[in-house]
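Structure first, commentary second.
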């Protein structure tokens, strides 16, 4: 179960990337508590989070609700936006490169940072590794919007150039079945349904 972190003071207005010191807003804390209540009945075997404060703060109530400890997984990190880190989205959207970010991300690298294919490979390798550690078990991975979108695209067989067509809302749950065979997407951007009903039918 891939969980995006809850809202922060910059969600939707700034590209925070990996800049330290960004915490959940009051609304984000409430979102984290709500998703914890939804996840707890699924009885996950483990909880992992990216090293960023906002993901660990989102994982904390899930850990309390499930009586598990949060483990850090570096592969769940946000994309490295390089020189774009901390810039306002309203400014970035006016750059000519923004069209590539949205329409042809498979050939785009952030200046001084990571390319989307590198991010995609990183998150997918991390998820495969976590799945291999917990065969047949449910686990929670708290990450960020772009890595989650990329993982969903990979699992569904969608080209990376189309991954921006998916919305991943704060504290939404997207579930992927990863095993010996082809991965299966069980849900995307789930913000309210009973997660105990997730199954392959």
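All of the numbers you see were taken from the coordinates with simple rules; none came from a lab. Nothing here was measured: the structure is a model prediction, and the numbers come from that model. Here the Cβ is made from the backbone with ideal geometry for all residues, glycine too, and neighbour counts use every protein chain on show.
Couple of notes before you dig in:
- Restricting region 72-106 to residues that are within 15 Å of the chain's Cα centre (by Cα) and surrounded by fewer than 18 Cβ atoms within 10 Å (Cβ to Cβ) leaves a set whose member that is nearest to residue 49 (Cα to Cα) is 72.
- Complete set of residues in region 50-81 that are assigned to a helix (DSSP H, G or I), closer than 29 Å to residue 158 by Cα and without any contact (Cβ under 8 Å) to a residue 60 or more places away in the chain: 54, 74, 75
- The set of residues from region 1-10 being in a loop (DSSP other than H, G, I, E, B) and buried (at least 20 other Cβ atoms within 10 Å of the Cβ) comprises 1, 5, 6, 7.
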